[in-house]
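One structure below.
The values are calculated or read from the model by the stated rules, or taken from the named source; none is laboratory data. Since we're looking at a predicted model, the values are computed, not measured. Every residue, glycine as well, gets a Cβ built from its backbone with ideal geometry; the counts of neighbours run over all protein chains shown.
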Amino acid sequence: MKSEDLHIDELIDFSEGWLSLKGRRLMIQDIHAFSQMKKDLMEFLGEDRMRRLLTRFGYFWGQADAAAMKRIFNWDDKQEWLKAGPKLLTIQGVSRITVPAFEWNEETGEFYMETIAYNSMEAEEYQKNFGSTDHPVCWMLAAYLGGYASFCFGGEIFFIEEKCQATGDRVCKFTGKNKKDWGDVIESHLPYLEAENIHDQIMQLTSELKKKQKQIEAQRKKLASIYPKQEKEFLFVRSRSFHQVMDLAHKVAHFDSTILITGESGVGKEVLARYIHSLSHRASGPFLAINCGALPDTLLESELFGHTRGAFTGAVRERIGLFEETRKGAIFLDEIGDISPAMQIKLLRVLQEREILRLGENKPRKIDVRIMAATNKNLQKEISEENFREDLYYRLAVVEIFIPPLRERKDDILPMARYFIKKLAKNLKIANLRLDASTLDILQEYTWPGNIRQLENALERAAVVCRNGVILPENLPANISRYSDPTQGIYSLESSLEQVERQHIKNILAHTGGNRTKAAQVLGISAATLWRKMKEMGESHQNEK
Ligand SMILES: [Zn+2]
């Protein structure tokens, strides 16, 4: 491990519900509050005592960080471990620090290190509160460096600040040496620098932390074994309406009842079906999904039921269908609302008799499969319009689970978005991929007509185009990022619903590079519907002219 490889987001985690540095709790300190504390210290205690307090604080902090770095990483050498100190100060926002000179003699123990601090927080705060000064004031920083180095190399290494921004220098410069090598220079600093020996105390705390870290890891492993590895997005739900969905899913998972999952396109009907399967006693069996709406009748029939050799032209060899292939598993029939009346009768028979006929065969075969179906259509309406058989509906909807659209469960958007970010970071190999805080509101306010699928697609696009792994509002597809920006006007009150829709479709098409299949997917409508809408748009364009 090299000090250059330290990244703050890999160091800290939130698994305990708060910010911690691999087991050691961290506190974020507001800079203004810190500044106020310094003011108070100056007022109540005077500069001398304030310096002493901040020096002790910095020294302890440096020792604790050095111990943490030792505990967490295997460093290439002592020098890298040492350099991690200045790097930590940089990523913690204290100051950007470089190390222009470093010498260390392992035999004699001789130590020499120069560090330069740019924009030292301490110097800036001092100047702001108390004005310019004639002496260096980055006491905490100097003590931190000394505490850190002393912990790494043993002995007493002291850093003296020789130049300071607060005195009008461009940067702050610190030099570190062994106490004995400083000679008389150190005398005036000693009253502040000599803290009681806290090395043993730090060592004890460190060993306690090691134990705790092991416990945390064991708990994490246990958690991972409780929850199925796949379909984890359902574990991140917060909204009450989706909790109800999950409750029902958990209840019915253990029975073989047929399930009908309804809801808009892109809400995750298949994901829920897979999840239910993963909880069921059939979990070790296969789960196969088929989109019934995408296939013509004859093909769908041979896919589902299989066929004998020569059953129809092109049936050169015998083939078993999905109902048999999913023996001891589950079959998921998507877009069930789109099947023909003839197929509806055949399916009804399957559900009633629990047996199938291969095409070209008269011998019924028993099946052992759990059937789950899904549709984004309103089947009650289809029944009243005589497009769907009522008896089939009741056979399918032994248990009906409705998944509400994402816009009706806004609480789920962020947890889900974060889940996708993790997944994308892994799949796209983007280290440190994250959502910028300014993006969160936009994600939550948007209406997501294409639901979870659209959310995932939008985040994937943003992940690909963003810089340094930080997803900003402008990285989202324009229709989404613009949604929250009233100056863009496309969603203003004046624009008619039709205009909004037209613009929305145009934006989506622009983002899919004109790819209609993808655009339809994002929009959550069929390719045919998109085609019709585009045609209407073209016509209305002509009318405008
Ligand atoms: Zn300074």
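Considering segment 159-180, the residues that are under 30 Å from Asn74 (Cβ atoms) and within 16 Å of the ligand (Cβ to nearest atom) include one that is surrounded by the fewest Cβ atoms within 10 Å (Cβ to Cβ), namely Thr175. Pairs are defined by a Cβ separation below 6 Å, a sequence spacing of at least 6 or placement on different chains, a first member in segment 135-146 that is within 14 Å of Gln63 (Cβ to Cβ) and not assigned by TED's automatic domain parsing to the domain that holds Phe158, and a second member that is within 7 Å of the ligand (Cβ to nearest atom) and among the polar types (S, T, N, Q); no pair meets this definition. The set of residues in segment 301-317 that are surrounded by 14 or more Cβ atoms within 10 Å (Cβ to Cβ) and either free of Cβ contacts under 8 Å to residues at least 24 places away in the same chain or touching a Cys at 6+ places or on another chain (Cβ under 6 Å) (or both) contains only Glu303.
So that you can scan it fast, the table gives a plain yes or no per residue for (1) part of a helix (DSSP H, G or I); (2) assigned by TED's automatic domain parsing to the domain that holds Ile261; (3) in contact with a helix residue (DSSP H, G or I) (Cβ under 9 Å, 6 or more places away or on another chain):
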residue: Met372; (1), (2), (3): no, yes, yes
residue: Ile383; (1), (2), (3): yes, yes, yes
residue: Asp391; (1), (2), (3): yes, yes, yes
residue: Tyr419; (1), (2), (3): yes, no, yes
residue: Lys423; (1), (2), (3): yes, no, yes
residue: Trp448; (1), (2), (3): no, no, yes
residue: Ile452; (1), (2), (3): yes, no, yes
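Could you tell me whether segment 103-114 includes any residue that is loosely packed, with under 13 Cβ neighbours inside 10 Å, touching a residue at least 60 places away in the same chain (Cβ under 8 Å) and within 16 Å of the ligand (Cβ to nearest atom)? The answer is no, given that none of the residues of segment 103-114 is loosely packed, with under 13 Cβ neighbours inside 10 Å, touching a residue at least 60 places away in the same chain (Cβ under 8 Å) and within 16 Å of the ligand (Cβ to nearest atom). Closer than 21 Å to Thr512 by Cβ, in contact (Cβ under 8 Å) with a residue 24 or more places away in the chain and β-branched (Val, Ile, Thr): does that describe Ile442? Considered against the rule, which asks whether it is closer than 21 Å to Thr512 by Cβ, in contact (Cβ under 8 Å) with a residue 24 or more places away in the chain and β-branched (Val, Ile, Thr), Ile442 comes out as yes. Would segment 326-340 turn up any residue that is among the polar types (S, T, N, Q) and buried (at least 16 other Cβ atoms within 10 Å of the Cβ)? Checking segment 326-340: at least one residue is among the polar types (S, T, N, Q) and buried (at least 16 other Cβ atoms within 10 Å of the Cβ).
For first residues located in segment 57-71 and farther than 12 Å from Leu205 by Cβ, partners that are not in a helix (DSSP H, G or I) and lie 6+ apart or on another chain with Cβ distances below 8 Å form the pairs Tyr59/Ala195; Tyr59/Ile198; Met69/Trp75. Of the numbered criteria (1) surrounded by 15 or more Cβ atoms within 10 Å (Cβ to Cβ); (2) at positive phi, the one Pro405 fails is (2).
Looking for whichever is buried (at least 19 other Cβ atoms within 10 Å of the Cβ) and either assigned to a helix (DSSP H, G or I) or of a type in the set (A, V, I, L, M) (or both) here; the options are Gly46, Gly85. Which one fits?
Among Gly46, Gly85, only Gly85 is buried (at least 19 other Cβ atoms within 10 Å of the Cβ) and either assigned to a helix (DSSP H, G or I) or of a type in the set (A, V, I, L, M) (or both).
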